[in-house]
Every structure is written in structure tokens, then in C-alpha cells.
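Trainee: Got a structure for you, questions after.
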Amino acid sequence: MRFFVNVDGKEREVEIRSNDFGTKVRVGSKDYAVDFRRISGTNTYSLLVDGKSYAVTAIPEGKHLVLKCQGESFRAEVQTERERAAHLITGGVQAKGPITVAAVMPGFVLRVLVSPGDRVEPGQLMLVVEAMKMQNEVAAEVTGVVREVHVEADQTRR
């Protein structure tokens, strides 16, 4: 899975690949062996990068994440490949009319955080899906009102 991460005006392409032997993360042209786990009930992750341990807190703030690690704070904007393509095609123009929000890959629905009638803002977490031993958060891309929810927690979806 590829992401485009902008931190302090510097954009980096990040690719995450997982298999039975672990997770590899490529940032630009450099590969890292990575293992991370979310600390239950928090926004903090235990991150092991090439054998070095970090505690990273990720706080959603609109379309951004505020990342805190080793006493430093960074503001990051993260786009998936699909979000990047949509932005490039539309030139960043906001959609009008219904938008279907879907996870980028099939998985097990851990949490549904919205209900029909809920108002959502860009970046607001709507759904958490587990796929390939990783939790994937699905967020609203634009301001809107949820019309329908087609999944429930503890369901496997394709």
C-alpha cells in the first residue's frame, strides 16, 4: 500500500509491504524493517524500526495528524494512492452529491464510528478495518452527512 506523506512541506512517498516474514516500509528509496502495535485504548503506537524502539502518538486534527515522538511534534498530511489520484483528477475540487466511502482492501470490520444522520468533517474517523494484520482507518474525505452504513462491527467484508 502506498501513501504520500507531507511533513513540514517535504513530501515523501511511503510504501508498506507485509508478508509472513514481517513488514517492510520503503520511504523514498530506503527500506526499513518495521513492527508496530497500537497500545490499546490510546493513540500511541509502539514502533520498532530496524531494531530501534520508539513510542509515537498520532493525534488526528482535521485532515492532518499531529505526530509526537521523542519530545518532538510534527504535523503530517497523509494521502492514500486513491486520495492522491482523486485530488489530481479533480484539482482538489470538493465533490457535490453522494460519495461512497470504502476501505482500500477487504478485511474484518473492527469498529463502525458513524451512524446514518451523523455529520462528518474531513479527516474524521468513520470505520476501522483489520486487513493483513494491520488496522486500517477509514476517514471522511469531505464534509457531509452519513446517509447509510452498510457494515457492522465483527463482520468480514470483501
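FYI, it's all coordinate maths here, none of it is from the lab. If you're wondering where the values come from, they're calculated on a predicted model, not measured in any experiment. Heads up, the Cβs are rebuilt from the backbone with ideal geometry, glycines too, and the neighbour counts pull from every protein chain shown.
Trainee: When the chain is modelled as a GNM with alpha-carbon springs shorter than 10 Å, which of F74, F36, F21 fluctuates the most?
Mentor: Comparing F74, F36, F21 in the GNM, the peak value goes to F21.
Trainee: In degrees, nearest 10, range 0 to 90: what is the angle between the Cα axis of helix 81-90 and the longest Cα principal axis of the chain?
Mentor: Value to nearest ten degrees: 50.
Trainee: For the stretch 2-80, what is the relative contact order in percent, using Cα pairs closer than 8 Å and at least 6 residues apart in sequence?
Mentor: Computed value for the stretch 2-80: 24 percent relative contact order.
Trainee: What's the exposure ranking of H64, H150, going from fewest to most Cβ atoms within 10 Å?
Mentor: H150, H64
Trainee: Summing -39500 (n - 2.57) over the DSSP H runs of n ≥ 4 in the chain and dividing by its residue number, what mean residue ellipticity at 222 nm do you reach, to the nearest 500 deg cm²/dmol?
Mentor: Taken over the chain, the calculation gives -2000 deg cm²/dmol.
Trainee: Applying 1/(1 + (r/R0)^6) with R0 = 25 Å to the Cβ-Cβ distance of A33 and V7, what FRET efficiency is obtained, to the nearest 0.05?
Mentor: 0.70
Trainee: Would you mind calculating the relative contact order of the stretch 97-157 from Cα pairs under 8 angstrom and at least 6 residues apart, reporting the percent as a whole number?
Mentor: 41
Trainee: Now for a separate question. Can you give me the distance in nm between label points at Q155 and N43, each placed 7 Å from the Cα along the Cα-to-Cβ direction?
Mentor: 2.8
Trainee: Would you mind computing, in nm to one decimal, how far apart the modelled labels at F108 and V145 are, each placed 7 Å from Cα along Cα→Cβ?
Mentor: About 3.6 nm separates the two model spin labels.
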